[in-house]
Structures are given as structure tokens and as C-alpha cells.
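J.: The structure follows.
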Amino acid sequence: MNTKDKDALFQFPCSYPLKVMGRNTGDFCSAVEGIVKRHVPAGDEIVWSSRASSGQKYLSMTATLLMHSEEQLNALYRELNEHELVLITL
């Protein structure tokens, strides 16, 4: 996919729902919240929701936030995916 095609997928700034999944621990929640907050400008709102798996072993956290650029989005995904507690990001 070339750059022109990618630009058509998102018009920045945009509201973006980011889902992150990992084991259902307090450390996971704290890590995800810390990473997301580092990539969001001061004053921008983050709306959080979460849901545990049926067996309570896993947790999915969704952060809906305003993304200002493709670079911001890529940096956020990169840092989340590199964290040892994060299993999947969508």
C-alpha cells in the first residue's frame, strides 16, 4: 500500500479506539495506562473501558483517544507491542 492509499484510511486528527489485551493483572492495567498517557498530549481526553474474559484470566482494555498523526499512532502501537505484558493490540 502506498502513502497516498494510507492517507485515505485516516484523516487526522481522529477519534481512535485502541484495544489492548493481556493477562488480568493490576500491572497490566498500569502499564497500558502509562504507555497510552505518554503518547497523548496534555489536555486530551482518554475514555477507558475494560472487559475480562469469561474465565477472568485475560483483560481487554479499550482507550478511545484523539490521534493527531500517523507518527503518533505508530509510536503508540510500537511501544505497546514491545511491552512484555501486552499480548495483542488492535
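No value in this document is a laboratory result; all are computed from the given coordinates. Please read all numbers here as calculations on a predicted model, not as lab measurements. We place every Cβ from the backbone using ideal geometry, glycine too, and count neighbours over all the protein chains shown.
J.: Over the chain, what is the relative contact order in percent, taking alpha-carbon pairs closer than 8 angstrom and at least six residues apart?
T.: 42 percent
J.: A further question on this structure: Run through the stretch 1-84 and list the trypsin sites (Lys or Arg not before Pro) located in a DSSP loop whose Cβ has at most 12 other Cβ atoms within 10 Å.
T.: Of the trypsin sites (Lys or Arg not before Pro), the ones in loops of the stretch 1-84 whose Cβ has at most 12 other Cβ atoms within 10 Å are LYS57.
J.: Provide PHE12, PHE28 in ascending order of the number of other Cβ atoms located within 10 Å of each residue's Cβ, fewest first.
T.: PHE12, PHE28
J.: Starting from the Kirkwood radius over alpha-carbon pairs of the stretch 11-89, derive D by Stokes-Einstein at 20 °C in a medium of 1.002 mPa s and give it in µm² s⁻¹.
T.: Roughly 168 µm²/s, to the nearest whole number.
J.: Right, here's the next one. Using a cut-off of 15 Å between beta-carbons, work out the net charge of the residues near MET61 (Lys and Arg +1, Asp and Glu -1, MET61 not included).
T.: Here the charged neighbours net out to +2.
J.: Here is a further query. If the only charges are +1 at each Lys and Arg Cβ and -1 at each Asp and Glu Cβ, what is the size of the charge dipole of the stretch 11-89 around the Cα centre, to the nearest 20 debye? Please report the intermediate quantities before stating the final value.
T.: Details: 7 positive and 9 negative charges, 70 e Å.
It comes to approximately 340 debye.
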